[in-house]
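These notes concern the structure reproduced below.
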Amino acid sequence: MTTTAHGAAIELLRTRGFDGGPDFHLAELATSEDFWEDDGTRRVIVEDQYEAERDGLGALLTARWGTPRELDLGPVLERSMEGEAIPEPWSTLSCHTPNLRLWRADGSWIGLGVSQWDKELPFQLLAVLTTVDPPT
């Protein structure tokens, strides 16, 4: 997918509404190969590519909605592991996405991040749309 196609996917999320479901949508915009057979070199290259893709899409969103807020999800994960109830989607995102870039538009938060559940598993470029405020 191109940056333009990713932007269109985010716009589609914005039009879907939440009709009785959870107050968020999470979309995998791109998913890499896994790294079970990798000696570590390919993983670094792919991580850089996914971060560059996030940055390119982020530039498009910044032009539309202004400078994003950076959200470090590491402390959110720690709080969750200590027993604090963290609302979704933030609780699950903190398990596999180290940080998000967040924009506020029309009463919703739009976030972009690069996710990876474990070093052998694929990277994912994720978009999240939610009405739930991020943890402070």
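How large a share of the accessible area of the stretch 38-136, in percent, is made up of carbon and sulfur atoms when the probe is 1.4 Å and the other protein chains stay in place?
On the way: 2500 of 4810 Å².
Taking all protein chains in place, the stretch 38-136 shows 52 percent carbon and sulfur surface.
Quick check for you: with a 1.4 Å probe and neighbouring chains kept, what is the accessible area per residue of the chain, in Å²?
Dividing the accessible area of the chain by its residue count gives 53 Å².
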Explain nothing, just the number: relative contact order of the chain, from Cα pairs under 8 Å at least 6 residues apart, as a whole percent. 33 percent
Taking H as built 1.01 Å from N, whose amide H comes closer than 5 Å to the amide H of Ala30, not counting residues under 5 places away? Leu125
Net dipole in debye of the stretch 33-95 [+1 Lys, Arg Cβ; -1 Asp, Glu Cβ; about Cα centre; nearest 20]: 440 debye
Relative to the Cα centre, what is the charge dipole magnitude of the chain, using +1 at the beta carbon of each Lys and Arg, -1 at the beta carbon of each Asp and Glu, and rounding to the nearest 20 debye? 620 debye
The answer for the per residue Cα convex hull volume of the stretch 1-121, in Å³, is 123 Å³
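Give me the extension gain from Ala5 to Thr131: residue separation times 0.36 nm, minus the current Cα-Cα distance, reported in nm with one decimal.
Details: separation 126, 0.36 × 126 = 45.36 nm, distance 2.32 nm.
Separation in residues times 0.36 nm, less the Cα-Cα distance, equals 43.0 nm.
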Work out, step by step, the length gained on full extension between Arg14 and Ala59: first 0.36 nm times the residue separation, then minus their alpha carbon distance; give nm to one decimal. 14.4 nm
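The values are calculated or read from the model by the stated rules, or taken from the named source; none is laboratory data. Just so it is clear, the structure is predicted and the values come from calculations on it, not from any experiment. Cβ: placed from backbone, ideal geometry, glycine included. Neighbour counts: every protein chain shown. Just the protein is used for accessible areas: all its heavy atoms, side chains included, with ligands, DNA and RNA removed. Shrake-Rupley method; radii C 1.70, N 1.55, O 1.52, S 1.80 Å.
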